[in-house]
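Read through the structure below, which is laid out as C-alpha cells, and then see the notes.
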Amino acid sequence: MNDVRQAPARSSFLQTLGAVLWSFFGVRKGRDHEHDMATLNPVHVIITGVLAGALFVVSLVMLVRFILG
C-alpha cells in the first residue's frame, strides 16, 4: 500500500487568535504547540499578533488616561 500522508487541515481564525493569545500569556502545552506548528499559517499568525499587540497597547493607553483623567 502507498503511504500517502495528508496535510493537516488549516486552522481557523479563532484557532489562530487562541494560539496568539496563549503566546502573549506565555503558557502552552508541547502537544498544542506541535499542532499549531503543523496547522497555523505564519502570515496569519504575524497579522493576528500585530493586531492583538496594537489592541493591547491602545487599551493600556486608554486605561491610563481614564485613571489619570
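The values are calculated or read from the model by the stated rules, or taken from the named source; none is laboratory data. Computed from a predicted structure; not experimentally measured. So basically every Cβ, Gly included, is an ideal-geometry build from the backbone, and we count neighbours across all protein chains shown.
Applying the condition of being exposed (fewer than 10 other Cβ atoms within 10 Å of the Cβ) and at negative phi to the stretch 14-28 and asking which residue is nearest to the chain's Cα centre (by Cα) yields Leu14. Residues in the stretch 33-55 that are acidic (Asp, Glu) and closer than 17 Å to Phe13 by Cβ: Asp36 only. Listed conditions (1) basic (Lys, Arg); (2) modelled with pLDDT under 90; (3) in a helix (DSSP H, G or I) are all met by Arg10, apart from (3).
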